[in-house]
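Here the structure comes first, spelled out in structure tokens, and everything after it is commentary.
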Amino acid sequence: MAAPMAPLTLRVLAECRVSKARACELRLPHGEVPTPVFMPVGTQGTMKGVTPHQLRALGCCICLGNTYHLGMRPDSGGFQMVSLVELSEVTEEGVCFKSPYDGKEILLTPEKSIEIQNALGSDIMMQLDDVVSSTISGPRVEEAMYRSIRWLDRSIAANQNPDAQNLFAIIQGGLDPELRRKCLDEMTKRDVPGFAIGGLSGGEEKDHFWKMVTLSTDHLPREKPRYLMGVGYATDLVVCVALGCDMFDCVFPTRTARFGSALVPWGSLQLKNKQYAKDFQPIDENCGCPTCKRHTRAYLHALFKSDTAALHHITIHNIAYQLNLMSCLRDSILEQRFPEFVQKFMKTMYSDKKYPVWAADALASVSIHLE
């Protein structure tokens with residue numbers, strides 16, 4: 001009798017000979033996920049204004065939901081321990097939230113979080129971690145790091161479905177290299193299917209951000225997926241793929257669409273602006289998404305004033321942009337031309353060659369030099 005399939009397998013298909021970038025095949029119970037991958041965020045189980053069929057047609061094979069929202073009353077967007085920080089209290093037992101509507105207290109423990117995710121049947125479950133703002137330093141960061149390790153152990157013990165669902169640990173430690181190393185050392189001793197890099201992308205200086213990312217990927221096991229949480233700007237994605245990350249999520253491409261901002265290889269177009277009122281080009285003539293095939297900038301500009309369908313069309317485009325970027329990154333790794341792809345991407349994004357110093361430094365750390 002054949003042994004049962006593991007709920008997660010990762011095959012490393014190619015590694016860049018210069019940087020830490022890699023292309024993998026992530027096999028999950030519900031299907032295969034090629035990496036590097038960007039995961040759109042459907043906080044309450046669905047993308048705002050986009051159907052699952054449309055997501056699939058764009059090539060999206062994995063998206064992210066929020067345990068708090070899906071298991072309890074949906075009070076607000078984003079990750080609750082940050083967005084509801086004024087309404088929550090963290091103890092060793094868990095996180096106690098107060099509803100901003102009726103003041104009712106809700107206790108989310110590591111065990112309850114896993115119970116909800118077991119019930120949802122998600123392919124990837126995230127441990128409950130004690131996360132503090134990346135701009136905070138001092139004893140609270142160390143406390144949160146050690147508590148996250150203890151909560152990981154409680155999450156592992158609480159998992160009722162380890163043969164079909166994958167529990168990821170979340171590395172904490174703020175911007176302190178020593179705390180990050182301690183967390184990495186402890187959490188990688190646990191035999192979990194994957195690891196997330198947490199506690200970043202919260203307003204910290206980018207120079208600190210990339211150094212914590214590369215420190216983490218240096219210490220994470222090669223044979224398991226590396227998920228950098230909350231990262232979605234195009235430059236950040238490209239740089240962090242170079243630093244060895246496989247998976248990303250962020251509300252940015254969908255949230256910015258709702259403000260009329262369309263993502264393009266040279267930045268973004270603010271379609272609400274008057275300059276697009278008589279611009280009959282598509283958002284991006286090289287984009288093959290349904291929006292760019294059918295609608296002009298002028299049409300979207302006019303529609304934005306009167307119809308929420310404009311938000312839908314721009315959202316579709318922005319998701320397509322992110323997914324296409326990740327596909328191009330992956331192809332360049334498979335074809336051993338990743339450094340050249342990065343250099344061309346950066347020249348297009350920053351035509352004046354005024355590259356962000358942090359990005360140039362991060363890429364130089366893995367031997368990709370911008371001209």
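Structural remarks
- Scope segment 258-272; condition over 24 Å from the mean Cα position of the chain (by Cα) and either among the hydrophobic types (A, V, I, L, M, F, W, C) or open to solvent by less than 70 Å² (accessible area, probe 1.4 Å) (or both); matching residues: Leu271
- Residues in segment 297-314 that are open to solvent by less than 40 Å² (accessible area, probe 1.4 Å) and either under 18 Å from Trp266 (Cα atoms) or not in a helix (DSSP H, G or I) (or both): Arg297, Ile314.
- Among the candidates Lys347, Lys293, Lys354, residue that is out of contact with any helix residue (DSSP H, G or I) (no Cβ under 7 Å at 6 or more places or on another chain), surrounded by fewer than 13 Cβ atoms within 10 Å (Cβ to Cβ), assigned to a helix (DSSP H, G or I) and of a type outside the set (A, V, I, L, M, F, W, C): Lys293
- Residue that is most open to solvent (accessible area, probe 1.4 Å), among those in segment 72-98 that are at pLDDT 70 or above and of a type in the set (Gly, Ala, Ser): Ser88
- Boolean, Gly194 is within 18 Å of Leu243 (Cβ to Cβ), in contact with a Cys (Cβ under 8 Å, 6 or more places away or on another chain), modelled with pLDDT of 95 or more and not hydroxyl-bearing (Ser, Thr, Tyr): no
- Hits in segment 141-156 (condition: hydrophobic (A, V, I, L, M, F, W, C), closer than 14 Å to Glu93 by Cα and open to solvent by 60 Å² or more (accessible area, probe 1.4 Å)): none
- For beta carbons closer than 7 Å, sequence separation of 6+ or different chains, a first residue in segment 216-243 that is under 24 Å from Glu186 (Cβ atoms) and touching a residue at least 40 places away in the same chain (Cβ under 8 Å) and a second that is in a helix (DSSP H, G or I) and polar (S, T, N, Q), the qualifying pairs are Leu243/Thr214; Leu243/Thr217.
- You will find that of Pro110, Pro36, Pro29, the residue that is surrounded by 14 or more Cβ atoms within 10 Å (Cβ to Cβ), closer than 19 Å to Val241 by Cβ and modelled with pLDDT of 90 or more is Pro36 and no other.
- Checking Gly260, Gly232, Gly267, Gly244 one by one, the residue that is under 18 Å from Cys60 (Cα atoms) and not aliphatic (A, V, I, L, M) is Gly232 and no other.
- In segment 162-178, the residue that is nearest to Leu128 (Cα to Cα) out of those that are in contact (Cβ under 8 Å) with a residue 24 or more places away in the chain and open to solvent by 60 Å² or more (accessible area, probe 1.4 Å) is Pro162.
The values are calculated or read from the model by the stated rules, or taken from the named source; none is laboratory data. This structure is a prediction, so every number in the text was calculated from the model and none was measured. Counting neighbours? That spans all protein chains shown, and the Cβs are built from the backbone with ideal geometry, glycine included. Only protein heavy atoms, including side chains, enter the accessible area calculation; ligands, DNA and RNA are left aside. Shrake-Rupley method; radii C 1.70, N 1.55, O 1.52, S 1.80 Å.
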